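Heads up: the structure comes next, in structure tokens.
The values are calculated or read from the model by the stated rules, or taken from the named source; none is laboratory data. None of these values were measured; they are calculated from a predicted model. Cβ atoms come from the backbone with ideal geometry, glycine included; neighbour counts cover every protein chain shown. Quick note on the areas: whole protein, heavy atoms, side chains included, nothing else; ligands and nucleic acids left out. Shrake-Rupley method; radii C 1.70, N 1.55, O 1.52, S 1.80 Å.
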Amino acid sequence: MIEHKPLYQAMKQAASNTLENMVFLEVMEHYDQSYEIPPEDLTWASLLIQDPVQGEIRLAMTNELLKKLTAAVFSLDEEEITQAQMDDILQELLNTIAGLFMTNLLADNQTFQLGLPEHGEGEFPELEPGSVAWKLMTADEDPLQIFAIGAPLVALND
Amino acid sequence: MGKTVLIVDDSNTMRKIVSRALRQAGIDFDEILEAGDGQEALAVLGANKVDVVLSDINMPNMSGLEFLKAKAEDPAIKDIPVVMISTETGADIINEAKSYGAKGSVKKPFTPDLINETLGPLL
């Protein structure tokens with residue numbers, strides 16, 4: 001029997017579990033919940049939730065953190081890694097976090113369908129009212145943020 | 001004697017992460033082979049002696065389920081055990097994979113312990 005968690009805990013657990021198991025990164029809530037990653041340092045990816053409700057999940061972090069994670073996964077120096085490797089890591093993390101989030105949130109064995117993760121281009125799009133943000137950081141205080149967007153998705157909290 | 005495992009995933013990153021989990025799982029693998037989709041995986045199985053396959057489900061060109069179907073039709077490779085790796089946990093897709101011969105499944109994100117528990121009995 002899977003314990004059904006409220007939305008916030010479902011995502012927090014999904015992010016912690018994914019980051020710890022895939023990239024050995026421990027995350028906690030950011031000490032400053034008003035903190036925003038400066039746009040010039042920001043890299044992000046987006047994924048659509050297609051079924052049983054429609055919504056979007058975005059994962060954002062600093063370029064510096066993504067570079068560190070990519071170098072660790074590929075066992076390379078930061079100077080050797082490529083943009084494609086960085087994009088791939090960000091998208092795989094988002095895909096896994098979103099899958100685990102939906103598993104945590106939905107009833108036992110309820111199926112769900114995710115779209116393909118896409119690397120965000122350009123400026124970070126404005127969030128819809130009612131979106132939920134998870135502002136996290138690593139032990140080195142590198143910020144990392146996750147957003148759930150779309151009323152039907154956020155309503156799964158109820 | 002060490003074993004040979006084939007990792008099938010369209011993501012280079014996931015192949016690296018799975019490969020690292022396999023090394024940490026404590027199973028004695030001589031060789032870890034990689035393929036980017038089902039079609040490539042069939043070619044690798046045709047050219048190498050592989051003991052077990054870990055395969056993603058959603059892949060371009062040839063998906064994990066199509067790979068299982070094609071493998072089941074080739075007498076030379078049909079008995080090589082395959083474990084599916086998936087983000088989705090829907091019972092339907094896992095049951096479908098098992099009906100085509102998959103021996104089990106692991107859900108991302110997985111730990112080396114889970115890999116060991118799932119692959120160990122197949123080797």
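In the condition set (1) within 14 Å of chain A (Cβ to nearest Cβ); (2) part of a helix (DSSP H, G or I); (3) over 15 Å from B:Leu114 (Cβ atoms); (4) not polar (S, T, N, Q), B:Asp10 is compliant with all but (2). Based on this model, can you work out whether A:Leu47 counts as within 11 Å of chain B (Cβ to nearest Cβ), open to solvent by less than 60 Å² (accessible area, probe 1.4 Å) and among the hydrophobic types (A, V, I, L, M, F, W, C)? So A:Leu47 passes the test. If you go through region A:129-144 and pick out every residue that is open to solvent by 80 Å² or more (accessible area, probe 1.4 Å) and within 17 Å of the chain's Cα centre (by Cα), you end up with 1. Return the residue satisfying two criteria in turn: it lies in region B:57-97 and is open to solvent by 40 Å² or more (accessible area, probe 1.4 Å) and of a type in the set (Lys, Arg), and of such residues it is nearest to the other protein chains (Cβ to nearest Cβ). For region B:57-97, the residue satisfying everything is B:Lys69.
Restricting region B:6-31 to residues that are modelled with pLDDT of 95 or more and among the β-branched types (Val, Ile, Thr) leaves a set whose member that is surrounded by the most Cβ atoms within 10 Å (Cβ to Cβ) is B:Val8. Quick test for you: out of A:Phe101, A:Phe124, A:Phe147, pick the one residue that is assigned to a helix (DSSP H, G or I), open to solvent by less than 70 Å² (accessible area, probe 1.4 Å) and in contact with a strand residue (DSSP E or B) (Cβ under 9 Å, 6 or more places away or on another chain). Residue meeting the stated conditions: A:Phe101.
For region A:74-98, the set of residues classified as open to solvent by 10 Å² or more (accessible area, probe 1.4 Å) and at the interface with chain B (Cβ under 9 Å from one of its Cβ atoms) consists of A:Phe74, A:Ser75, A:Ala84, A:Gln85, A:Asp88, A:Gln91, A:Glu92, A:Asn95, listed by residue number. When restricted to residues that are in a helix (DSSP H, G or I) and within 14 Å of chain A (Cβ to nearest Cβ), region B:23-56 contains 2. Pairing residues of region A:8-34 that are without any contact (Cβ under 8 Å) to a residue 12 or more places away in the chain with residues that are assigned to a strand (DSSP E or B) and open to solvent by 70 Å² or more (accessible area, probe 1.4 Å), at Cβ distances under 9 Å and at least 6 apart in sequence or on separate chains, gives A:Ser16/A:Met28.
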